[in-house]
Amino acid sequence: MSNNSHTPFRPLSANAEAVYRQTWKPLGLLNGYRLALAILLTIVALADIEWRPLGERDPHLFMMAGLSYALFALLCVVSIRARKPGFRWQLHAQIFADIVCILALTYASGGIRSGLGTLLIITLAGGGMLMSGRMAILYAAISTLAVLGEEAYMLISGAPPGPSFTHAGLLGGTFFLTAILAWLLAKRARESEALAAQRGVDLANMQQLTEYVIQRMQTGVIVVDAQQRIHLINESAWHLLGTPADPIQQNLTHLAPELARHLNLWQENPDRETQLFRPNSASPDLLPRFAKLGQASQSGTLIFLEDTTALAQQAQQLKLASLGRLTASIAHEIRNPLGAISHAGQLLAESPQLGTSDLRLTEIIRNHSQRMNAIVENVLQLSRRQRARPEELALKPWLEEFVMDLRRTHNISADHIHTEVTPADTHVRMDPSQLHQIVWNLCHNGLRYSLARLGVPRLELRGGTNADSLHPYLDIIDFGHGVPPEAETHLFEPFFTTENTGTGLGLYLSRELCESNQARLHYIAVPGGGSCFRITFADPRRKQLT
């Protein structure tokens with residue numbers, strides 16, 4: 001927002017504002033009192049109002065002193081507003097002018113008995129608040145000497161009704177007491193204000209630190225009021241819910257209906273165990289936790305969102321460690337007799353006395369022995385797999401190099417494999433060797449299924465960023481017959497296969513490798529035939545467990 005061109009002063013900074021409150025503002029208030037007093041006394045003098053004892057001794061002097069006092073106060077209004085000359089010069093000039101003018105008014109009204117000398121108490125109190133202790137005492141001493149000097153002059157000149165040194169002395173003592181107390185109170189007030197300002201700075205810094213920590217937390221944090229309007233959402237929660245536009249003050253029911261439903265269930269029964277939910281198809285499973293803010297019935301709720309992908313990864317590591325110990329012992333028990341069976345079948349097939357039907361039986365023995373050996377090799381490969389070491393990869397260059405390797409291995413022309421990455425600068429975070437193993441397995445299956453249906457191997461590999469969650473993805477699309485609907489739910493189960501020659505471990509191993517990298521592998525049916533296996537990578541902006 002721009003400032004108006006006619007604004008006389010620039011906006012003050014926090015430090016300048018504090019200085020203004022402690023110096024110029026109280027000086028302006030003191031001058032306001034001075035101006036009001038001078039105008040009142042001038043009106044009394046000019047209107048020829050008989051208000052004893054004001055101006056009783058010397059009306060002309062009283063009028064001139066009042067006018068001078070009023071003009072000086074008006075001049076101070078301008079100088080304070082312009083802040084020229086400096087604060088100290090104006091303060092001393094004004095206090096000194098107060099002493100001179102009030103003393104002249106007091107003399108014109110018959111001396112200390114008129115009571116006008118007490119007006120200096122307010123001046124000294126105001127000055128004591130704005131200057132150092134020694135200067136406040138100095139002006140109290142000047143005022144006392146001025147009052148005593150005036151009474152001495154009246155004694156020498158023989159002016160009626162005669163001097164009152166006792167009254168002058170008591171008034172002088174009041175001057176000193178007022179100046180000292182005003183300085184002490186002002187000092188205490190300034191110290192309290194400085195302490196409060198420091199506390200305010202500390203609180204502001206603490207608030208900024210708290211906001212920074214909340215925004216950088218891996219756990220999603222959302223604060224909603226009693227009407228489920230969002231008042232705070234940190235960066236992690238924003239990403240987990242699919243980066244909604246302008247989430248503040250939105251209703252949770254519109255932003256994340258499933259999360260709002262879980263919140264309603266928790267409010268009905270706080271002891272109820274919360275369940276996992278998924279904001280959209282591309283999001284990971286989230287575990288919500290709820291905590292009430294305050295004790296009132298209309299108080300808000302604090303929501304924590306935990307990405308269970310990391311927990312699943314840790315569980316996966318434990319499962320693989322257990323599987324490794326189990327398969328190591330099973331392999332020794334299976335592979336030795338399996339090798340003996342396979343060798344015996346080969347020897348039996350070489351016997352010249354076997355007929356055609358018996359040779360078919362030996363072929364069955366050999367085929368199933370090879371299949372069993374492949375299953376053992378796949379399980380051992382899973383158990384021996386190294387822990388994932390994710391790296392940030394540029395998807396398009398990696399995919400181009402992968403396709404060249406795939407074409408050379410399978411002797412496929414460039415026309416049979418189409419690749420597309422949009423946007424071209426898409427980056428993913430995954431272990432390169434494990435990503436190669438996953439995509440290779442999916443592409444190998446896709447080429448085989450496309451060849452069986454079309455007579456030629458054909459694949460499409462499409463990468464990019466999901467518009468809802470901003471998570472990068474990679475689709476491996478084949479042109480085979482697709483997966484039967486009744487088999488989709490069992491597709492990633494170990495040892496499940498739709499082919500007699502398959503081991504049922506390829507897709508299971510691929511999903512396990514994806515989960516160890518906090519990625520997801522799921523199947524998408526293609527209308528008109530074919531299959532799409534989508535790898536949804538973890539958000540590269542969020543730190544992964546390794």
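The values are calculated or read from the model by the stated rules, or taken from the named source; none is laboratory data. Bear in mind the structure is a predicted one, so any value in this text is a computation, not a measurement. Quick reminder, even Gly has a Cβ in these numbers, built from the backbone with ideal geometry, and neighbours come from all protein chains shown. With ligands, DNA and RNA removed, areas are computed over all heavy atoms of the protein, side chains included. Shrake-Rupley method; radii C 1.70, N 1.55, O 1.52, S 1.80 Å.
Looking only at residues of segment 365-380 that are of a type in the set (S, T, N, Q) and in contact with a helix residue (DSSP H, G or I) (Cβ under 7 Å, 6 or more places away or on another chain), we find that the one that is modelled with the lowest pLDDT is Asn378. Gln227 meets the conditions (1) modelled with pLDDT under 85; (2) open to solvent by 90 Å² or more (accessible area, probe 1.4 Å) in every case but one. The failed one is (1).
I want to confirm something. Restricting to segment 292-320 and keeping residues that are among the small types (Gly, Ala, Ser) and either surrounded by 11 or more Cβ atoms within 10 Å (Cβ to Cβ) or closer than 23 Å to Gln275 by Cβ (or both), which single residue is modelled with the highest pLDDT?
Going residue by residue through segment 292-320, those that are among the small types (Gly, Ala, Ser) are 294, 296-297, 299-300, 310, 312, 315.
Filter again for either surrounded by 11 or more Cβ atoms within 10 Å (Cβ to Cβ) or closer than 23 Å to Gln275 by Cβ (or both), leaving 299-300, 310, 312, 315.
Numbers: Ser299: 80, Gly300: 86, Ala310: 66, Ala312: 68, Ala315: 70.
It comes out as Gly300.
Could you go through segment 501-521 and let me know if any residue there is closer than 27 Å to Leu241 by Cα, at pLDDT 90 or above and of a type in the set (A, V, I, L, M, F, W, C). There is at least one residue in segment 501-521 that is closer than 27 Å to Leu241 by Cα, at pLDDT 90 or above and of a type in the set (A, V, I, L, M, F, W, C). Scanning segment 261-280 for residues that are open to solvent by 30 Å² or more (accessible area, probe 1.4 Å), of a type in the set (S, T, N, Q) and either over 21 Å from Gly242 (Cβ atoms) or without any contact (Cβ under 8 Å) to a residue 24 or more places away in the chain (or both) turns up Asn264, Gln267, Asn269, Gln275.
Across segment 388-442, the qualifying residues are those that are of a type in the set (Val, Ile, Thr) and part of a helix (DSSP H, G or I), and the one among them that is surrounded by the fewest Cβ atoms within 10 Å (Cβ to Cβ) is Thr409. Return the only residue of Glu56, Glu50 being open to solvent by 50 Å² or more (accessible area, probe 1.4 Å), touching a Gly at 6+ places or on another chain (Cβ under 6 Å) and at pLDDT below 80. The match here is Glu56. Please enumerate the residues belonging to segment 458-498 that are assigned to a loop (DSSP other than H, G, I, E, B), polar (S, T, N, Q) and closer than 25 Å to Asn280 by Cβ. If the condition is that a residue be assigned to a loop (DSSP other than H, G, I, E, B), polar (S, T, N, Q) and closer than 25 Å to Asn280 by Cβ, then Asn466, Ser469 are the ones that fit.
Considering (1) farther than 19 Å from Ile137 by Cβ; (2) at pLDDT 80 or above, the lone condition that Ala197 does not fulfil carries the number (2). Within segment 239-254, the residues that satisfy the criterion of being over 18 Å from Thr219 (Cβ atoms) and in contact (Cβ under 8 Å) with a residue 24 or more places away in the chain are Asn251, Thr253.
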